[in-house]
1. Could you please let me know if PRO138 is at pLDDT below 95, surrounded by 10 or more Cβ atoms within 10 Å (Cβ to Cβ), outside any strand (DSSP E or B) and at negative phi?
2. Within region 242-254, can one find any residue that is loosely packed, with under 15 Cβ neighbours inside 10 Å, under 24 Å from THR158 (Cα atoms) and among the polar types (S, T, N, Q)?
3. Could you say which residue among GLN212, GLN182, GLN155 is in contact with a helix residue (DSSP H, G or I) (Cβ under 9 Å, 6 or more places away or on another chain) and either over 17 Å from THR261 (Cα atoms) or at pLDDT below 95 (or both)?
4. Within region 155-169, track down each residue that is surrounded by 16 or more Cβ atoms within 10 Å (Cβ to Cβ) and either in contact with a strand residue (DSSP E or B) (Cβ under 6 Å, 6 or more places away or on another chain) or farther than 12 Å from LEU226 by Cβ (or both).
5. Which pairs turn up if I take residues in region 166-178 that are in contact (Cβ under 8 Å) with a residue 40 or more places away in the chain and look for partners that are acidic (Asp, Glu) with beta carbon separation below 7 Å, at least 6 apart in sequence or on another chain?
Amino acid sequence: MTAANSSRRNRRRPCPHCRRRQRRLLTSALAIFITVASLATWATISLGSSPSAQAEDIIVHKPKLQAVAQAPSYSQQEIRNLLSNEFAQAAQPTITHTPATHKSSAPRYTPRPSGSPTYTASPAPTPTPTVTHTYAPPPTSGSLASRLLAEAETQQGTPYVWAGASPGGFDCSGLVYWSALQIGISNMPRDTYSMLGQGVSSGLLVPTSNPQPGDLAFFGSGHVELYVSPGETFGALQPGTVVGFHPYGGSWAPTAFYAIT
């Protein structure tokens, strides 16, 4: 018998000592595998998988372990490789994917209960008509004083503006000067001092003790308005006011009246 045949025979039939050693290794390996499989089962249960799935995995791998136990001719390295592969597969947890449930964000229609109040839209309010004030044009006949007053009244509501002599704004003498120009009096002086000086000396203004509507009413030498009636004048009073009618009396009263000739 050659050395090769003897070596082949020894590989096929290990000695009793080697067989016992392999069986002890297999027994230890099986105990370790069962422990690892139990731990893997517990871990899988903790992750949400059912125990029946782990039991199924153990049953699937059991024939392989029996095949290893019934093959005493495997070498120690081959046994280690088989066991390491089995342990690696058993240690992998089973992950179960649960499809996500999407909740619709669309609002639900809720029918209105019977007997609920019905709201009716209110009618649109009727617009208030705009009132337009129409002033009659000043007369072209009559005394100069009445025409002067009528022309000045067309500027009622115009704001007081210092040194103003136009419809954009008037001071006291500016209103008298502008109104005189509108009725054809071109030689009316511009300020109160000139009216009392040049106007009187030229004969345009004549003192009177019986004033008529439209005559000039002087409050000292620094303010002038047009006489309307006893206790009332018309003109531009002071800054912050508008052209209009003003009462007088007591300490605030005209000191002289002048008629236009």
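1. It is true that PRO138 is at pLDDT below 95, surrounded by 10 or more Cβ atoms within 10 Å (Cβ to Cβ), outside any strand (DSSP E or B) and at negative phi.
2. Looking for residues that are loosely packed, with under 15 Cβ neighbours inside 10 Å, under 24 Å from THR158 (Cα atoms) and among the polar types (S, T, N, Q), one finds none in region 242-254, hence no.
3. The match here is GLN155.
4. If the condition is that a residue be surrounded by 16 or more Cβ atoms within 10 Å (Cβ to Cβ) and either in contact with a strand residue (DSSP E or B) (Cβ under 6 Å, 6 or more places away or on another chain) or farther than 12 Å from LEU226 by Cβ (or both), then THR158, TYR160, GLY164, ALA165, GLY169 are the ones that fit.
5. CYS172/GLU225; SER173/ASP191
The values are calculated or read from the model by the stated rules, or taken from the named source; none is laboratory data. This is a predicted model, so every value here is computed, not measured. Glycine also receives a Cβ, built like all others from the backbone with ideal geometry; neighbour counts cover every protein chain displayed.
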